[in-house]
1. Based on Cβ point charges of +1 for Lys and Arg and -1 for Asp and Glu, what charge dipole magnitude is obtained for the chain about its Cα centre, in debye rounded to the nearest 20?
2. Go through the stretch 180-190 residue by residue and turn each phi into a ³J(HN,Hα) via Karplus (6.51, -1.76, 1.60, θ = phi - 60°); whole Hz please, and just put x for glycine and proline.
3. So who's got an amide H within less than 5 Å of the one on Asp293, skipping anything under 5 residues away but keeping other chains? H placed 1.01 Å off N, in plane.
4. Which residues among the stretch 160-175 fall inside the zone where the amide N is under 12 Å from a point 7 Å beyond the Cα of Ala146, along Cα→Cβ?
5. Between Thr128 and Asp316, how many nm apart are label points set 7 Å from Cα along the C-beta direction?
6. Could you run the Karplus curve 6.51 cos²θ - 1.76 cosθ + 1.60 with θ = phi - 60° over the stretch 124-132 and give me ³J(HN,Hα) per residue in whole Hz, x for Gly and Pro?
7. How big is D for the stretch 1-141, in µm² s⁻¹ as a whole number, if Stokes-Einstein is applied with the Kirkwood radius of its Cα pairs at 20 °C and 1.002 mPa s?
8. Give me the one-decimal nm value for the distance between modelled label points at His253 and Val170, 7 Å along each residue's Cα-to-Cβ direction.
Amino acid sequence: MSHVKGLKCRECSRDYPVEPIYVCEFCFGPLEVVYDYESIKKALDIQKILSRPTSLWRYRELLPIDGDPKVGLEAGFTPLVKADRLAKKIGIDELYIKDDTVVHPTLSFKDRVVSVALSKAFEFGFDTVACASTGNLAHSVSAQGAAGGFRRFIFIPASLEPSKIQASLVYNPYLVAVEGNYDEVNRLCSEIANKYRWAFVNINIRPFYAEGSKTQGYEIIEQLGWKAPDHVVVPCASGSLLTKIWKSFQELHKIGILKELDTKVFAAQATGCSPIAVAIKSGSDVIKPVKPDTIAKSLAIGNPADGFYATRVIHDTGGWGADVSDQEIIDAIKLLAETEGIFAETAGGVTLASAINLIKSGKIKREGSTVLCITGNGLKTKEALDGHLLKPFRIKPTLSNFEEILKAID
Ligand SMILES: *Cc1c(COP(=O)(O)O)cnc(C)c1O
């Protein structure tokens, strides 16, 4: 049974039925899923959540599917790592890594949104699924779409990292590399979505897809012992994940599972594509589109669909935005790996480097708890580290050769 009341325009509040639609016919505002929280409050409590398997579906009353999930049954419930060594290094008391580099079938948080989107596409009766992707979505729709038995059309910017292209191709989707940046790929996909009856997970299925991001937030609250952190730092591409983490906290508060909510939400971006951080810093909610130029390709959306809503969340919660250089991203990837043993992709470097920046500027206080959302695995963007790591020691197979190394490092 579903607790979904329907879809609603985020701008003019006009109501729509549960259909594969995403934009208001009257004001062109984006549509969002609305729930009956009174009935969820009766149907869901902590005991019930704890009694279920550790996947993102343990919060299913708060997700927009009607029947049993069909895709992504194993996704979600990634570790929340208490990162004491890293905390000390960056000058903060209580730090956690929400580690979405592991557990998920394709090793990024996109398996959350895709599990929900494809389960919904199944309920709508689609046989073909598609997406416009900055990389991780391509990987996830290729894989989970294969597991769900869908025909798959995947559209990516042709300049994507070779490892992400290969990671998608192995599942044998129709992979279309478009000569243009993500924003151009997305525009093309909107045209295709208007013409063909396919489930474009981040276009006509977007209202349902986006809800999957909330599960990262529910897990953070559960893993902190049903408490909210004082600060949460979220990497932004379209800005959707950031808005949905905040929505998830608010929902758990609304249904009484979370007693107190006073979290500041922070956006992390790469300087080469930072329209949300720039808007925040200039005290505006007007997003000025940019042409992306950064190694953090998974975050390279120059005209973010949820940018405006992300700035509102940041403003309303008293958070802030930061942007960081490619060199800072690489340094942060290495720092996270050598302090906590977690190998993140470039987006993870953006998040940690932004947090360091926000701590230095006093926007994130040393006291209180901070959660960093680390959203993808480093093996997915290993090209970014080319030329930035030490070489292995190379020796002949003798003890004396090895002991020369020991002498050298002493
Ligand atoms: C897609 C993505 C994000 C954030 O995406 P939004 O569009 O802002 O929801 C963050 N990290 C990684 C690794 C991603 O692939």
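1. Working: 49 positive and 49 negative charges, 32 e Å.
Once rounded to the nearest 20, the dipole reads 160 debye.
2. Residue by residue, the stretch 180-190 yields x, 8, 4, 5, 6, 4, 5, 5, 4, 5, 4 Hz.
3. Cys273
4. 166-174
5. So the label points at Thr128 and Asp316 sit 3.8 nm apart.
6. Listing the rounded values in order: 6, x, 6, 10, 10, 10, 8, 7, 9 Hz.
7. Numbers: Rh = 17.4 Å.
The calculation lands on 123 µm²/s.
8. 4.2
Read the figures in this text as sums done on the coordinates, not as results from a lab. Note that the structure is a prediction, hence the values are computed from the model and not measured. For neighbour counting, all protein chains shown are included, and Cβ atoms are generated from backbone atoms with ideal geometry for every residue, glycine included.
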